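Structure, as structure tokens:
The values are calculated or read from the model by the stated rules, or taken from the named source; none is laboratory data. These figures come from a predicted structure and were not determined experimentally. Because the Cβ atoms are built from the backbone with ideal geometry, glycine has one as well, and the counts that use them run over all protein chains shown.
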There are 2 protein chains.
Amino acid sequence: MNLNNASKDQLRQWEQQLSAEYDAIVAKKLSLDLTRGKPSSEQLSLSDGLDGILKGNYKSLDGTDTRNYGGLDGLAEARELGAHIFGVKPAEVLAQGNSSLTLMFQCLITAVEFGFTSTESAWSKAERMKFLCPVPGYDRHFTLCEQLNIDMIPVAMTANGPDMDQVEALVQADSSIKGMWCVPKYSNPTGVIYSDEVVERIAKLGKIAGNGFRVFWDNAYAVHDLAAALPLANIMEFCRAHSTEDSVLQFASTSKITHAGAGVAFVAMSEANLKGFRKFLNAQSIGPDKVNQLRHMRLLPTIDALNAHMQKHARILQPRFDAVLKALDDAFTGTDLGTWEKPAGGYFVAFDTRPHCAKDVVRLAAEAGVKLTPAGATFPYGKDPQDCNIRIAPSVPSVQEVVGAMEVFVTCVKLVAVRQQLA
Amino acid sequence: MNLNNASKDQLRQWEQQLSAEYDAIVAKKLSLDLTRGKPSSEQLSLSDGLDGILKGNYKSLDGTDTRNYGGLDGLAEARELGAHIFGVKPAEVLAQGNSSLTLMFQCLITAVEFGFTSTESAWSKAERMKFLCPVPGYDRHFTLCEQLNIDMIPVAMTANGPDMDQVEALVQADSSIKGMWCVPKYSNPTGVIYSDEVVERIAKLGKIAGNGFRVFWDNAYAVHDLAAALPLANIMEFCRAHSTEDSVLQFASTSKITHAGAGVAFVAMSEANLKGFRKFLNAQSIGPDKVNQLRHMRLLPTIDALNAHMQKHARILQPRFDAVLKALDDAFTGTDLGTWEKPAGGYFVAFDTRPHCAKDVVRLAAEAGVKLTPAGATFPYGKDPQDCNIRIAPSVPSVQEVVGAMEVFVTCVKLVAVRQQLA
């Protein structure tokens, strides 16, 4: 199918066929859901051993009674796990509660109101605060910016990460740009891994950016490979080489490793940043839930145990991703109907329709019983200027359900595109 | 012993005796600690059944899979437990993470930066923000104010709660007073329970206070009675009677019910306040740790179970409080050396020395091997203008250790007072 070169007659014929296909689908009264980037029950069950794993021994390796107050930084062994995930020293890592999103918010509040390294560096001292947002991106990052009145500037994603020419030009030209969102491995939603060159150029932004600039490096899918473990360059090593250690804050969690709502979140930062963040954290925290951290460390005591555990996730997720990618490949390779990356990990496949089609595709799919993430959700303020990006999340449905949902998706993409071309 | 009426000779004689007693104590090289307001290992062990209690069933009563994301408000059954503690409806309660302190901070940030009911009501719109702090009080409340640049105005505590004549006069005179800290039951550290009249007058403050005024009602010891369960008036009922429902935010947690570092925290507020707070919370939270909430509800499924559990705590704590109060009674009743309340619950006994003695008592006790909370810690900015208040926390040491530590305490109080009178 190639719409640009098709005759009106051909288009009309396709429209009739696709309309009939679509009507047949509607008649099936499906109820399928590709919206939710969360683990399936089968994945969650991999960690059901967490409850009861302590067997009455609530002491951490260094003898801490995890049941009582205190220990702001988190358990030593949990910080070690975080350090492994980030490729930094345990002393640079805090192990905290059940959500890296909360840690990101706490870091934002620290940066906006108090400043990490000095009161003068607080972003709220500036007239405006702006963030660079590679698009498509993660809607909850954008919500944090909106909550804190931080203006968002979209920058383009490529197959190697953000368009760094654009990023560098913007940062150099405007000192009110205070930070940038990054999901560097299996980026949400495009699934790409930032190239070594992109990682190094991001590490160097601290040299050209204004006072207090911080990259929010949300490494949510650090160990979430579908097959072979693919490498991501270590951004903190580049930072050390370029003396920009204070410019990057790294986040991760066990949300998609153990139980999504009941995991452990990690943040890594320079000693100078830690000093400011600890002051903020200490005022409001009695310390994280160390009992839950201990459970996690008993379940995943070594890196080998972690890797083996992630391979079990991969075995569950892989066929679902295969089903999505096969459907897209069969339907759209060689056509001018859409483009997509082929993620080797993470939780999403992002599909770009022809311009100004995404909303209609999502609406038609919904009317045929297939829920998709609202078009625009992957852009700041919910506005995709091209109205083309759709995020597909295949983890929760069964493989058969993914296959069924993708049939609907493919039909809707074709039908909307053909109708648009005819109009 | 009555210093005001004692002759110089008598004072000199006492000084010699007490110095000798003190030297004998120093020679014992004690190492005792009355600083920590936290549960003992014996108390923590009462809840060791938490780990493993789920027996593979991670579903809450309404069928929610607690292992996955979501459920911002907390589990329905956990909110019911909170509602029981506060005496409000479950719909007015959120069950959250492991710390009510964090919830207090989140509410403060909401009030300061965003406003609970409108952007206009944000405290940061005003030139100054001030809080009323009944003294002596809880140091971590004061730290939150300091962190957020909220000026603190001390008001006197009485045996019935804060001096309400003073409170009302201040609130009426100064609209920049935005809130007030209260620990209404077994107040930290004096141990008093606010009288019904005081509770009602606090509930009425919203009528005379400026825009956005909020009482932070930290009911940390709601069910923490040593013997009979003593009542505290229901502040929200008074608020409803006086149409000031938005002026009170209530906090509690299971920190001193189950495991101190790994419990569940609760906040209760009006529908209007909830609307503002949920917006704030939703931006930064993937929902609280519902698995841990479920564990708590399996351990304490009914109010009767909760009460029986708290009686086990009381049986452990009571002899420690008895030891403190007996030592104070034996040494100081009928003297002019100090005053104190007799708490029937909570975690502290507060002792007021003669003016300008507390720091010296704490120092002498430390040199004799008994750690006490730093003098001044119970006042804003760490400054007790009378230098007289000392907080005694007897929960962690054994009864025998409490007895030994109180012998040292009593000797130090007498010695410092006598020396001061001689000087």
Candidates B:LYS279, B:LYS275 - the one that is surrounded by fewer than 18 Cβ atoms within 10 Å (Cβ to Cβ), charged (D, E, K, R) and within 12 Å of chain A (Cβ to nearest Cβ): B:LYS279
Hits in the stretch B:78-87 (condition: surrounded by fewer than 20 Cβ atoms within 10 Å (Cβ to Cβ) and in contact (Cβ under 8 Å) with a residue 24 or more places away in the chain): B:ALA83, B:HIS84, B:GLY87
Name the residue, out of B:SER270, B:SER285, that is touching a residue at least 12 places away in the same chain (Cβ under 8 Å), more than 26 Å from A:TYR69 (Cα to Cα) and among the small types (Gly, Ala, Ser). B:SER270
Of A:ASP48, A:ASP9, which residue is farther than 27 Å from A:MET310 by Cβ and without any contact (Cβ under 8 Å) to a residue 24 or more places away in the chain? A:ASP9
Checked against (1) modelled with pLDDT of 95 or more; (2) among the hydrophobic types (A, V, I, L, M, F, W, C); (3) not assigned by TED's automatic domain parsing to the domain that holds B:PRO288, B:LEU61 satisfies every condition except (3)
Here are some residues: A:ALA228, A:ALA262. Which one is in contact (Cβ under 8 Å) with a residue 40 or more places away in the chain, more than 14 Å from chain B (Cβ to nearest Cβ) and out of contact with any strand residue (DSSP E or B) (no Cβ under 8 Å at 6 or more places or on another chain)? A:ALA228
The stretch B:285-298 - residue that is over 16 Å from A:PRO288 (Cβ atoms) and at the interface with another protein chain (Cβ under 7 Å from one of its Cβ atoms) and, of those, surrounded by the most Cβ atoms within 10 Å (Cβ to Cβ): B:LYS290
Checked against (1) surrounded by fewer than 22 Cβ atoms within 10 Å (Cβ to Cβ); (2) touching a Pro at 6+ places or on another chain (Cβ under 6 Å), B:ILE208 satisfies every condition except (2)
Assuming A:LEU364 fulfils every condition listed in (1) under 27 Å from A:ASN219 (Cα atoms); (2) not in a loop (DSSP other than H, G, I, E, B) apart from one, which condition is it? (1)
Out of the residues in the stretch A:145-189 that are of a type in the set (Val, Ile, Thr) and closer than 18 Å to A:ALA233 by Cα, which is surrounded by the fewest Cβ atoms within 10 Å (Cβ to Cβ)? A:THR158
Could you identify the single residue in B:LEU11, B:LEU81, B:LEU3 that is at pLDDT 95 or above, more than 14 Å from every other protein chain (Cβ to nearest Cβ) and closer than 30 Å to B:THR143 by Cα? B:LEU81
Filter the stretch A:377-423 down to the residues that are β-branched (Val, Ile, Thr) and under 28 Å from A:ARG140 (Cβ atoms) and list them by number. A:THR378, A:ILE390, A:ILE392, A:VAL396, A:VAL399, A:VAL402, A:VAL408, A:VAL413, A:VAL416
From the list A:SER31, A:SER45, A:SER41, pick out the single residue that is closer than 21 Å to A:GLN400 by Cα, loosely packed, with under 15 Cβ neighbours inside 10 Å, of a type outside the set (Val, Ile, Thr) and within 14 Å of chain B (Cβ to nearest Cβ). A:SER41
If we take the stretch A:124-220, then strands (runs of 3 or more DSSP E) inside it with 1 or more residues that are within 22 Å of A:VAL88 (Cα to Cα) are A:177-182, A:214-218
Might you check whether a residue that is farther than 25 Å from B:LYS256 by Cβ and in contact with a Gly (Cβ under 7 Å, 6 or more places away or on another chain) occurs anywhere in the stretch B:341-348? no
Looking at (1) within 10 Å of chain B (Cβ to nearest Cβ); (2) without any contact (Cβ under 8 Å) to a residue 12 or more places away in the chain; (3) farther than 28 Å from B:ASP289 by Cα, which is the one condition that is false for A:GLN166? (1)
Out of the stretch B:190-205, which residues are buried (at least 24 other Cβ atoms within 10 Å of the Cβ) and either farther than 29 Å from B:GLN43 by Cβ or not assigned by TED's automatic domain parsing to the domain that holds B:GLU113 (or both)? B:ILE202, B:ALA203, B:LEU205
Just need a number here: residues in the stretch B:336-387 that are free of Cβ contacts under 8 Å to residues at least 12 places away in the same chain and of a type in the set (Lys, Arg). 2
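Each row is one residue, and each column tells you yes or no for (1) surrounded by 24 or more Cβ atoms within 10 Å (Cβ to Cβ); (2) among the small types (Gly, Ala, Ser).
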position	(1), (2)
A:ALA91	no, yes
A:GLN96	yes, no
A:SER100	yes, yes
A:LEU108	yes, no
A:ALA111	yes, yes
A:ALA122	no, yes
Determine if the stretch A:344-365 includes at least one residue that is buried (at least 23 other Cβ atoms within 10 Å of the Cβ), under 30 Å from B:GLY52 (Cβ atoms) and in contact with a Ser or Thr (Cβ under 8 Å, 6 or more places away or on another chain). no
Can you report the number of residues in the stretch B:48-73 which are touching a His at 6+ places or on another chain (Cβ under 7 Å) and either more than 10 Å from chain A (Cβ to nearest Cβ) or at positive phi (or both)? 0
Taking the stretch A:228-275, which residues are modelled with pLDDT under 95 and in contact with a helix residue (DSSP H, G or I) (Cβ under 7 Å, 6 or more places away or on another chain)? A:GLY261
Restrict the check to the stretch A:300-320 and report whether at least one residue is of a type in the set (Gly, Ala, Ser), on the phi > 0 side of the Ramachandran plot and more than 14 Å from chain B (Cβ to nearest Cβ). no
Screening A:ARG320, A:ARG295, A:ARG278 for residues that are of a type in the set (Lys, Arg) and within 23 Å of the chain's Cα centre (by Cα) leaves only A:ARG320
Failed item, numbered, when B:THR333 is tested on (1) at pLDDT 95 or above; (2) under 23 Å from the mean Cα position of the chain (by Cα): (2)
Find all pairs meeting these conditions: Cβ atoms under 6 angstrom apart; at least six residues apart or on different chains; first residue within the stretch B:190-207 and touching a residue at least 40 places away in the same chain (Cβ under 8 Å); second residue small (Gly, Ala, Ser) and in a loop (DSSP other than H, G, I, E, B). B:GLY191/B:GLY346; B:VAL192/B:ALA159
